[in-house]
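Input: a single structure, listed below in structure tokens.
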Amino acid sequence: MVRHYSQDITPDDGSEKEMPVPASRARSIRDFRPSAARVKLQAPPRMPERPPEYEHEEVTRRSRWGVWIAAIIALIVLAVAALFVFFPSTSITVTPHTHTMTFDTSNPLTAYPAASATAGTIAYTVISQVFDDSAVVQANGTEHAEEKATGNITVFNETAKQARLIKNTRFQNSAGLIFRIPASVDVPAAKGTAPGTINVTVFADQTGPKYNVNPDTFNVPGLKSSPEYSKVYAKSTAAFTGGFSGDRPAVSPAVLESSKAEVRNRLTEKANELQKTAPQGSLTFPGLAAIAFETLAPTSEAGGGVRIHERATVTIPVFPTETFAHAVAQAVSADAEGQSVSIRFGEVTAQPVGALNGPDLGVQAITFTVAGRGQLIWNVDTKALAEALAGRSETAFQAIIKGFPAIEEARARITPFWRHAFPQDATTIKVILTDPAADF
């Protein structure tokens, strides 16, 4: 059977219709649903338009900043250009020529006293220094002793020639007491108004405490009949010590020898430090020093103790760096004829051939070997180089450099860049010497 339904259709009159809401959610505000007619796009609020005069002011401000920035940049450019024009600079960076060699111990070197050395040989002088040290030990009875006083003096030479003073040369103080030097010495000649000087140790001519004199002046009686008598003399700055005659506390031999060994070890350490120090322009080798030990008179200490005194006289050969380097260059066939060269070493050791006797140093030739590696470095005459380049075109740079055998490599920098010649004034050319690399 067909059922028929009928429904009234009411035309839409444009009025809003409420959406049916389930009863269970009728009271919930979350289920509020606007009608389709109420859903509209909201446009963002419009900013108020700026007045025309504001935009004109902003454009003007930007224009002013641009002008200031351009002006600052222009000033910087002008300052740099003025620096180049009014303060030009020229620098030459130079790497000196080098020669690395390994010392062969099978080829010993021989050095001669400076006074007798000839051209092409290794010359040497000596430096000498005295170190004192002591220790307190327990006394054991008494002993009779006769000891000579000792002290240090500085010998002055005001003559234009080196003064040779042989072993046992006498020095007399103002009281007429005589002291002698234990080894021959050479006193350097005066340089201008400055006298040559050397420090030496002297020993009293006789035993006894009267030779423990205070600082004084000394003459050389052996020169009395010569013009040098008034120009070669000596001075002391400290009191002499060690002079003794009579009975004194004794020390057992075993204790004495043990204590002496400890004191001498300390003196040896001081001597080793001295070997590491050489006068400017010269070099020394650890291992070539002669150390002479001397036992001085002991002195009494409170509480029954005795202070033992030891002295070490260290004499070291000193080699002028340039003459030594030339001799080595000839030995290794390096082309250094007529050139100024210096030398530096890596880890090297030197040993004398035979024993070194302190009194013979400075008097006789010494033969020694060197083991290790070294590097010969040619000395560049920077003043001559600057004078050779002054006023010349930069195109002549390489040809001029080839005229300096001491130069391995050189680079020039001339400012401002539009200049193509070196300054006329050689003193404005800066020569920079680089330290060559050492491959040891």
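Miscellaneous remarks
- Cα-centred dipole magnitude for the range 293-440, charges only on beta-carbon of K, R (+1) and D, E (-1), debye, nearest 20: 460 debye
- Descending semi-axes in Å of the range 334-440, equivalent ellipsoid built from Cα gyration tensor: 43, 15, 11
- At full extension, residue 73 and residue 226 could sit 46.9 nm farther apart than now, given 0.36 nm per residue minus the alpha carbon distance.
- Using the Cβ-Cβ distance between residue 437 and residue 382 with R0 = 22 Å, the FRET efficiency computed as 1/(1 + (r/R0)^6) comes to roughly 0.65.
- Peptide packing: for 167-179, 428-440, the average count of neighbouring Cβ atoms within 10 Å per residue gives the ranking 167-179, 428-440, highest mean first.
- Part-to-part distance (alpha-carbon centres) for the range 195-255 and the range 333-352, which is given in Å: 41 Å
- The slack between residue 333 and residue 199, meaning 0.36 nm per residue of separation minus the straight C-alpha distance, is 44.4 nm.
- Cross-link pairs beyond the 19 Å C-alpha cut-off, checked among 161/224; 148/270; 167/270; 235/260; 210/231; 167/260: 148/270; 167/270; 235/260; 210/231; 167/260
- With R₀ fixed at 25 Å, the C-beta to C-beta distance from residue 255 to residue 349 puts the FRET efficiency at about 0.10.
- Distance between the C-alpha centres of the range 355-385 and the range 130-150: 40 Å, rounded to the whole angstrom.
- Here the dipole of the range 126-318 is about 700 debye; that uses its Cα centre as origin and unit charges on the Cβ of Lys and Arg (positive) and Asp and Glu (negative).
- Straight Cα distances below 30 angstrom link residue 402 to the lysines 383, 430, with same-chain residues fewer than 8 positions distant left out.
- Most positive-pole-ward Cα, 252, 139, 289, against dipole of the range 126-318 from beta carbon charges: 289
- Label zone at residue 110, where the point sits 7 Å out along the Cα-to-Cβ direction: the range 342-374 residues whose backbone N lies under 15 Å: 353-354, 364-369
- Whole-number percent relative contact order across the range 126-318, with pairs defined as alpha carbons under 8 Å at least 6 apart: 32 percent
Every number in this text was worked out from the coordinates using simple rules, so none of it is lab data. Computed from a predicted model, the values in this text were never measured in an experiment. Every residue, glycine among them, receives a Cβ derived from its backbone with ideal geometry; neighbour counts consider all protein chains shown.
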